[in-house]
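Here is the structure we will look at.
Rule-based calculations on the coordinates, nothing more; no lab input. This structure is a prediction, so every number in the text was calculated from the model and none was measured. We place every Cβ from the backbone using ideal geometry, glycine too, and count neighbours over all the protein chains shown.
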Amino acid sequence: MTSTTTRPAAPAGAGREWRAGVRAAIPFVVGLAPFGVTVGAAVAASADPLAAWTGSFLLYGGSAQLAVLQVLGTEGPVWTAILVGVLIQARLMVYSGSTASLWKGARPWATVLGAATIVEPTWAMAEHRMRTGGPDGARAHYAGAAATLTVGWIAAITVGALAGRVPGLAAHLAVAVPLCLVVMLAPHLRLPGGIAAVVAAAGTAVVARAVVPGFELLPAMAAAAAAGLLAERWRA
Amino acid sequence: MSAVWVVMLVVGAASVAFRLLPIVAVERIGLSPRTANGLRHAGSGAVAALVVLAVLGPGSLRPNPAVLVAVALGGFLAWRGWSMARVVLAGGAAYALVAVAVALL
């Protein structure tokens with residue numbers, strides 16, 4: 001029996017791009033593993049470890065998951081934990097909007113699945129791939145990278161949850177988080193306006209910590225966008 | 001249902017909305033090159049802010065010296081093109097050295 005529906009053929013080289021995405025994600029998986037173990041340690045210490053572990057899929061963002069578990073761990077009110085989590089996750093709108101061209105013409109399920117995995121490392125890989133390789137095959141590259149990162153990330157959290165009750169372990173492993181983030185940041189510094197954006201964001205984060213602690217990310221993002229665009233215009 | 005479930009479900013739903021709505025919006029109204037660049041800078045700004053907050057530590061304005069040294073070294077090595085795994089290893093070693101030195105002083 002033959003199907004009467006016509007499906008668009010996979011673009012040539014999609015498998016190659018997918019494998020390239022897998023290879024691109026492996027250093028991120030290795031680098032982020034200590035952070036995943038740190039989150040896992042917080043999961044193990046939670047009042048409801050199963051719910052906290054499920055948050056790895058629902059939130060798909062280590063900083064938000066860690067922050068809400070820390071708030072809940074200090075007996076903070078539920079609404080405070082929700083507010084903290086929502087504020088931290090709000091940054092995802094920027095990543096999502098920035099990579100929207102990846103999903104042009106994609107099937108709805110592919111868009112939903114892809115969107116569900118948008119976070120700093122996948123955004124950084126997608127940005128780099130689109131800048132250096134153009135749009136062709138970028139979606140397959142993203143799929144390979146996101147799948148690899150998801151498997152590695154969930155595995156690291158699970159290991160941390162099973163073995164994470166070692167005293168002080170999480171605090172020391174947490175140093176891997178900013179180290180992974182600076183690697184993601186480095187390529188942006190070479191773009192027009194990149195240095196201005198990063199310096200503005202860092203300065204704003206420090207000021208916001210002093211003035212409105214807990215609400216640092218969104219002002220830092222706004223400052224980065226403004227400073228980056230101004231620097232671009234000045235250079236032009 | 002525990003408080004942890006409530007928080008994870010609500011923040012998870014918000015996360016899905018934050019991830020999907022901009023894609024739908026951009027598909028319908030488009031994205032100018034200038035807006036795309038602004039979003040790119042804002043994304044890197046969020047990453048930069050997360051680095052700064054990690055160096056400062058929770059609720060503090062004074063940087064942790066071991067984390068500061070590790071991040072400074074990691075930033076330099078990342079700028080030189082080192083891979084993430086090598087940056088984490090080198091930065092982790094620097095962190096351990098400074099942390100031990102500070103503890104001994």
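GNM remark for chain A: springs join alpha carbons under 10 Å apart, and the peak mean-square fluctuation among A:Gly21, A:Gly13, A:Gly36 falls on A:Gly13.
Relative to the dominant Cα principal axis of chain B, helix B:3-29 is inclined by about 60°. Electrostatic bookkeeping for A:Pro219 treats Lys and Arg as +1 and Asp and Glu as -1; over the other residues with beta carbon under 15 Å from its beta carbon, the sum is +1.
Highest GNM mean-square fluctuation among A:Gly134, A:Gly15, A:Gly73, for chain A modelled with Cα contacts below 10 Å: A:Gly134.
The distance between label points at A:Leu113 and B:Arg80 comes to 4.1 nm (points 7 Å beyond Cα on the Cα→Cβ vector).
Assigning unit charges at the beta carbon (Lys, Arg +1; Asp, Glu -1) and nothing else, what dipole magnitude in debye, to the nearest 20, does the protein assembly as shown show about its Cα centre? Provide the component values of the computation, followed by the final result.
Working: 22 positive and 9 negative charges, 181 e Å.
Using only the charged Cβ atoms, the result is roughly 860 debye.
Of all complete DSSP H helices in chain A, those with a Cα span along the helix axis of 15 Å or greater and a mean Kyte-Doolittle hydropathy of 1.6 or more are A:78-89, A:176-189, A:194-211. Where does helix B:65-79 land angle-wise versus the long Cα axis of chain B, in degrees 0 to 90, nearest 10? Computed tilt is about 60 degrees.
Against the longest alpha carbon principal axis of chain B, how many degrees, from 0 to 90 and to the nearest 10, is the axis of helix B:33-56 turned? Here the helix axis deviates by roughly 40 degrees.
Exposed loop sites, defined as trypsin sites (Lys or Arg not before Pro) outside DSSP H, G, I, E and B with at most 14 other Cβ atoms within 10 Å, are absent from the longest region of chain A, namely A:1-103.
Dipole magnitude for segment A:14-175: computed about the Cα centre from +1 point charges on Lys and Arg Cβ and -1 point charges on Asp and Glu Cβ, it is near 520 debye. Take each residue of peptide A:203-215, count the partner chain Cβ atoms within 10 Å of its Cβ, and average: the result is 3. Note on segment A:11-56: the C-alpha convex hull projects to 4.2 nm² when averaged across all orientations. Note on segment A:14-175: Kirkwood radius taken over Cα pairs, Stokes-Einstein applied at 4 °C and 1.567 mPa s, translational D equal to 79 µm² s⁻¹. Computed over chain B with a Gaussian network model linking Cα atoms closer than 10 Å, the most mobile of B:Pro58, B:Pro33, B:Pro22 is B:Pro22. Restricted to Cα atoms, chain B shows a radius of gyration and a Dmax of 19.4, 60 angstrom. All Cα-Cα distances of the protein assembly as shown, cut into 20 Å bins from zero to the largest, leave 31, 60, 9, 0 percent in each bin in turn. For segment A:121-236, the convex hull spanned by the alpha carbon atoms encloses 125 Å³ per residue.
Restricting the calculation to Cα atoms, segment A:185-236 shows an Rg/Rh of 1.04 when the hydrodynamic-style radius is the Kirkwood one.
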